[in-house]
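The values are calculated or read from the model by the stated rules, or taken from the named source; none is laboratory data. Fair warning: this is a prediction, and the values are worked out from it, not measured in the lab. Counting neighbours? That spans all protein chains shown, and the Cβs are built from the backbone with ideal geometry, glycine included.
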Amino acid sequence: MKLFYASGACSLSPHIVAREAGIDLALQKVDLKTKTIVTEGDFLAINPKGSVPALGLDNGEILTEGPTIVEYLADLKPQSGLAPPAGSMARYRLQEMLGYINSEIHKSYSPLFRPDTPAETRAERQAYLLRRYALLDKQLEGRQYLFGDTFTAADAYLFTVTNWAPHVQLDLSQFANLQAFQRRVAARPAVQAAMKAEGLIR
Ligand SMILES: N[C@@H](CCC(=O)N[C@@H](CS)C(=O)NCC(=O)O)C(=O)O
């Protein structure tokens with residue numbers, strides 16, 4: 001399988017999940033500005049949405065949308081614990097969390113990355129993110145990961161998007177549980193390997 005990714009973008013989440021699950025992916029770097037695949041080719045021909053992540057399956061199909069891709073990868077290796085069994089209440093809790101991170105956290109960052117975003121919108125989005133993070137910080141209280149001691153696909157996603165905070169001057173220092181979580185996830189060997197492969201750390 002191939003993962004179409006951009007360094008440090010939300011595609012880091014499925015990249016981490018694949019490494020945690022022991023799934024070997026061929027990495028295909030995408031230039032999001034020009035919508036080209038860095039080695040060769042038109043990314044829009046692969047994914048008309050123009051966004052990463054996209055997963056190229058061995059049968060030629062392309063799967064998009066980060067939350068779906070991580071569930072797909074996790075289900076290939078159920079013993080990894082990255083996603084609880086489909087249909088279980090624990091699985092719905094994971095999906096609930098992936099949806100929350102996708103719509104409330106991930107997408108709230110987008111205007112903060114655009115240089116032409118008005119200061120008022122920027123301040124509103126930052127305040128919105130702080131309110132949303134407050135709930136996650138509470139969820140992490142007394143826990144290693146979002147659902148306890150087991151690292152799941154939701155942890156990979158939360159880690160990935162929260163790494164963006166310093167790049168958009170979002171101060172999350174008031175959230176001690178979240179800060180500890182970020183450090184804990186960053187130290188995982190699979191996360192280190194994924195970040196190295198994307199050129200984010202040495
Ligand atoms: N709905 C998609 C959105 C993915 C997304 O926002 N990707 C960003 C990078 S983090 C991207 O590719 N942006 C460039 C673009 O959409 O043109 C998902 O949740 O996977």
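Structural remarks
- Test for Pro67: is it within 16 Å of the ligand (Cβ to nearest atom), in contact (Cβ under 8 Å) with a residue 60 or more places away in the chain and buried (at least 18 other Cβ atoms within 10 Å of the Cβ): yes
- Residue in segment 141-153 that is of a type in the set (A, V, I, L, M), assigned to a helix (DSSP H, G or I) and free of Cβ contacts under 8 Å to residues at least 12 places away in the same chain present: no
- Members of segment 61-80 that are of a type in the set (D, E, K, R) and within 17 Å of Leu158 (Cβ to Cβ): Glu65, Glu71
- Filter result for Arg183 (in a helix (DSSP H, G or I) and farther than 18 Å from Ser103 by Cα): yes
- Of Val52, Val30, all but one fail to be under 12 Å from the mean Cα position of the chain (by Cα), closer than 23 Å to Met195 by Cβ, of a type in the set (A, V, I, L, M, F, W, C) and modelled with pLDDT of 95 or more; the exception is Val52.
One line per residue, one yes/no per condition, for (1) over 30 Å from Leu170 (Cβ atoms); (2) among the hydrophobic types (A, V, I, L, M, F, W, C):
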site: Gly60; (1), (2): yes, no
site: Glu65; (1), (2): no, no
site: Leu73; (1), (2): no, yes
site: Ala83; (1), (2): no, yes
site: Gly87; (1), (2): yes, no
site: Tyr92; (1), (2): no, no
site: Glu96; (1), (2): no, no
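- Residue among Leu94, Leu63 that alone is farther than 28 Å from Arg125 by Cα and touching a helix residue (DSSP H, G or I) at 6+ places or on another chain (Cβ under 7 Å): Leu63
- Options Ser13, Ser51, Ser80; residue that is touching a residue at least 12 places away in the same chain (Cβ under 8 Å), more than 22 Å from Glu104 (Cα to Cα) and of a type in the set (Gly, Ala, Ser): Ser80
- From Leu94, Leu76, residue being hydrophobic (A, V, I, L, M, F, W, C), assigned by TED's automatic domain parsing to the domain that holds Leu129 and more than 15 Å from the ligand (Cβ to nearest atom): Leu94
The rows are residues; the columns are (1) touching a helix residue (DSSP H, G or I) at 6+ places or on another chain (Cβ under 8 Å); (2) closer than 21 Å to Ala18 by Cβ.
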| position | (1), (2) |
| --- | --- |
| Pro78 | no, yes |
| Pro118 | no, no |
| His167 | yes, no |
| Leu178 | yes, no |
